[in-house]
Structure formats: C-alpha cells, structure tokens
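For reference, the structure is listed below as structure tokens.
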Amino acid sequence: MPSVKAPLFILHGANDNTIDPRHSKKLYNAYLGRKERHLIPNTGHNSPWGQDRSPYLDQLFTFLRASK
C-alpha cells in the first residue's frame with residue numbers, strides 16, 4: 001500500500017464470515033498514512049447498517065472533516 005496517499009477509514013463487522021476482520025487489520029497495519037479502523041461488534045459482512053449507525057457515522061464524519 002505504499003502508493004496509496006489518501007486517508008484510510010476501515011469499518012468492519014467483527015463477526016464477518018466473508019472477509020475475516022484479520023484482513024482489515026493487515027491493511028490497517030500496512031498503511032503508513034492517516035488511518036482509522038473500527039470493528040462493529042455483533043455484526044457480519046453486510047449487517048452493520050442494521051444497527052444504530054449514528055456512532056459509526058459520527059466517527060466517519062469526524063475522520064473526513066479532519067482529512068481536508
């Protein structure tokens with residue numbers, strides 16, 4: 001990922017059986033730029049949005065504002 005220059009925001013379901021959360025951790029660890037990674041408890045691959053999404057949207061918007 002050394003050629004990537006954009007900030008990295010990862011939101012991943014902690015119980016994802018399609019793409020194991022360890023993969024997002026590897027991406028996160030490999031990236032040297034500005035980054036955040038958030039695991040959503042009790043969620044799978046496409047289910048994070050079935051919960052109250054406001055805490056995660058707040059984190060995303062804060063990250064984006066700081067990335068200007």
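Considering only region 17-59, state which residues are within 25 Å of Ser3 (Cβ to Cβ), surrounded by 15 or more Cβ atoms within 10 Å (Cβ to Cβ) and of a type in the set (A, V, I, L, M). Talk me through it step by step, then tell me what you get.
Narrowing region 17-59 to residues within 25 Å of Ser3 (Cβ to Cβ): 19-38.
Among the residues that remain, those that are also surrounded by 15 or more Cβ atoms within 10 Å (Cβ to Cβ) are: 21, 24, 27-28, 31, 35-38.
Scanning region 17-59 gives a single hit, Leu27.
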Q.
If a residue must be in a loop (DSSP other than H, G, I, E, B) and touching a Lys or Arg at 6+ places or on another chain (Cβ under 8 Å), how many such residues does region 21-42 contain?
A. 1
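If only one of Lys5, Lys35 is in contact (Cβ under 8 Å) with a residue 12 or more places away in the chain and touching a helix residue (DSSP H, G or I) at 6+ places or on another chain (Cβ under 9 Å), which one is it? Write out each step before concluding.
Values: Lys5 fails: touching a helix residue (DSSP H, G or I) at 6+ places or on another chain (Cβ under 9 Å).
After applying the criteria, what remains is Lys35.
Could you list, in sequence order, the residues of region 8-32 that are in contact with a helix residue (DSSP H, G or I) (Cβ under 8 Å, 6 or more places away or on another chain) and of a type in the set (Gly, Ala, Ser)? Before you say what the answer is, go through the steps one by one.
Here is the first cut: in region 8-32, the residues in contact with a helix residue (DSSP H, G or I) (Cβ under 8 Å, 6 or more places away or on another chain) are 8-14.
Scanning region 8-32 gives Gly13, Ala14.
For region 1-20, name all the residues that are of a type outside the set (Val, Ile, Thr) and either assigned to a strand (DSSP E or B) or within 24 Å of Asp52 (Cβ to Cβ) (or both). Talk me through it step by step, then tell me what you get.
So in region 1-20, the residues of a type outside the set (Val, Ile, Thr) come out as 1-3, 5-9, 11-17, 20.
Leu8, Phe9, Leu11, His12, Gly13, Ala14, Asn15, Asp16, Asn17, listed by residue number.
Values quoted throughout were computed directly from the atomic coordinates according to the rules given, and no laboratory measurement underlies them. Quantities reported herein were computed from a predicted structural model and do not represent experimental measurements. Here the Cβ is made from the backbone with ideal geometry for all residues, glycine too, and neighbour counts use every protein chain on show.
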